[in-house]
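A quick write-up on the structure given underneath.
The values are calculated or read from the model by the stated rules, or taken from the named source; none is laboratory data. Quantities reported herein were computed from a predicted structural model and do not represent experimental measurements. Cβ: placed from backbone, ideal geometry, glycine included. Neighbour counts: every protein chain shown.
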Amino acid sequence: MIDVLIAGGGYVGLSLAVSLKKAAPHLDVRVVDGAPEDAWKRDERASAVALAAERMLDVLGVWNAIKPEAEPILRMVITDSKAADPVRPVFLTFEGDGGEGRPFAHMVPNTALVGALREACGELGIPIRQSTMVERFASGDHAVSISLADGEEVEARLLVACDGVRSKLREAAGIKVVEFDYGQSGIVTTVEHERPHNGTAEEHFLPAGPFATLPLKNNRSSLVWTENAVDAERLVKGDDFLFEVELERRFGHKLGHLKVVGGRRAFPLGLTLAREFVAPRFALAGDAAHGIHPISGQGLNLGFKDVAALAETIVEADRLGLDIGSLAVLERYQTWRRFDTFRMGVTTDLLNRLFSNDITPVRIARDIGLGLVDRLPPLKNFFIRQAAGVASRGDPRLLAGEPI
């Protein structure tokens, strides 16, 4: 019998597997993933890894492999304007470290992140089966019976679903969600520019939604460009020249000539929060448990918080001789993570509604608020620590840089 079967081979599923195996080598942990073998190598996106997540990856022994590809975010600039405005006044600037003299976040290519975690799985003897997924499962008193798409039948003490925001396993478990479609899409691409960004990330609040530029290595930036869903589809599928013209209107010319060097894709944006994170012998983690707006850049870090909490819950229960798949054990994980996730979901929802509009009284009020925060160093430091993920008490040990 397998101890833990993880469905999903992204950064959440892989980091959970490594966390469990590092802390409890005797556990039989396996990963199944429906994507083809090398699909992860074609992911052109990059993600913001907060300081707390960096600490966790360091404990897992993978940060040194990731670090050469990671670009520190040294400064965050926030503006509020229309796309056609010739001048974009800066209302808020974050500078400083997240603690210990380390940047509050790094931008990391997804290929570097997933590649390092897959290598760690190989070193720890964690099998990763590609091109097959969990087709159906049934939870019993002592095990969950699992049927894979390739016809294999397995039993496990615990099944963890890390299969994304449209999780089929969440649906199969009968877990309901709170769901809202924003009518927006996030356009993701990479651009190259003439002048260096100097580690500066910028978020321009525009009427259609935030336009974020995030620093990468070699004079490149990752873009997360929020637009009305219809306009986003038109921009992604349309003429290259039109796309670059619209891009320059938002990006500006402060970094010189721009060149799109990555593919462009649009992802629908919405709020999805699972009402329950666990069921008997079943747990959700990452986007399967929550999908939030990218306005805060915290989606990946919420997933790593899930990993750290679930791994600690499982390992400590195993050390005490408890049944790691029992609902009594899994409830600790749910209690640990559900409130924080709902709070972040509500926060990003409110921020998106507040900033994705051009209502003059609302715009004046939010700009005054941003200006006040900019003039209050203690409040700014608080927000920097929040962005770094190091401001919460009672966080899992991995996020504090401590082994389980």
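Regarding segment 89-107, can at least one residue be identified that is in contact with a Ser or Thr (Cβ under 7 Å, 6 or more places away or on another chain) and modelled with pLDDT of 95 or more? The answer is yes; a qualifying residue exists.
Return the residue satisfying two criteria in turn: it lies in segment 166-201 and is aliphatic (A, V, I, L, M) and over 16 Å from His253 (Cα atoms), and of such residues it is surrounded by the fewest Cβ atoms within 10 Å (Cβ to Cβ). Even if it seems obvious, please write down each step before you answer.
Start the filter on segment 166-201 by keeping residues that are aliphatic (A, V, I, L, M), which leaves 169, 172-173, 175, 177-178, 187-188, 191, 201.
Narrowing the set further to residues that are over 16 Å from His253 (Cα atoms) leaves 169, 172-173, 175, 177-178, 187-188.
Working: Leu169: 23, Ala172: 15, Ala173: 21, Ile175: 20, Val177: 18, Val178: 12, Ile187: 22, Val188: 20.
Per the criteria, the residue is Val178.
Just one of (1) part of a loop (DSSP other than H, G, I, E, B); (2) under 30 Å from Arg195 (Cα atoms) fails for Phe267. It is (1).
Among residues that are among the polar types (S, T, N, Q) and over 30 Å from Leu258 (Cα atoms), Ser139 is included.
Inside segment 288-308, residues that are in a helix (DSSP H, G or I), more than 9 Å from the chain's Cα centre (by Cα) and crowded, with 24+ Cβ neighbours inside 10 Å make up a count of 6.
The set of residues in segment 139-154 being surrounded by 14 or more Cβ atoms within 10 Å (Cβ to Cβ) and either in contact with a Phe, Trp or Tyr (Cβ under 6 Å, 6 or more places away or on another chain) or under 17 Å from Ser326 (Cβ atoms) (or both) consists of Ser139, Ala143, Val144, Ser145, Ile146. Select from segment 6-29 the residues that are touching a Lys or Arg at 6+ places or on another chain (Cβ under 7 Å) and surrounded by fewer than 24 Cβ atoms within 10 Å (Cβ to Cβ) and list them in ascending order. Leu27, the sole residue that qualifies. Just so you know, in segment 313-341 the residues that are touching a Lys or Arg at 6+ places or on another chain (Cβ under 6 Å) and either within 20 Å of Phe104 (Cα to Cα) or not polar (S, T, N, Q) (or both) include one that is surrounded by the most Cβ atoms within 10 Å (Cβ to Cβ), and it is Gly325. Of all the numbered requirements in (1) at pLDDT 90 or above; (2) under 30 Å from Ser222 (Cβ atoms); (3) not in a helix (DSSP H, G or I), Asn357 misses one, and that requirement is (1). Residue-level analysis places Asp318 outside the set of residues that are closer than 20 Å to Val177 by Cβ, assigned to a helix (DSSP H, G or I) and in contact (Cβ under 8 Å) with a residue 60 or more places away in the chain.
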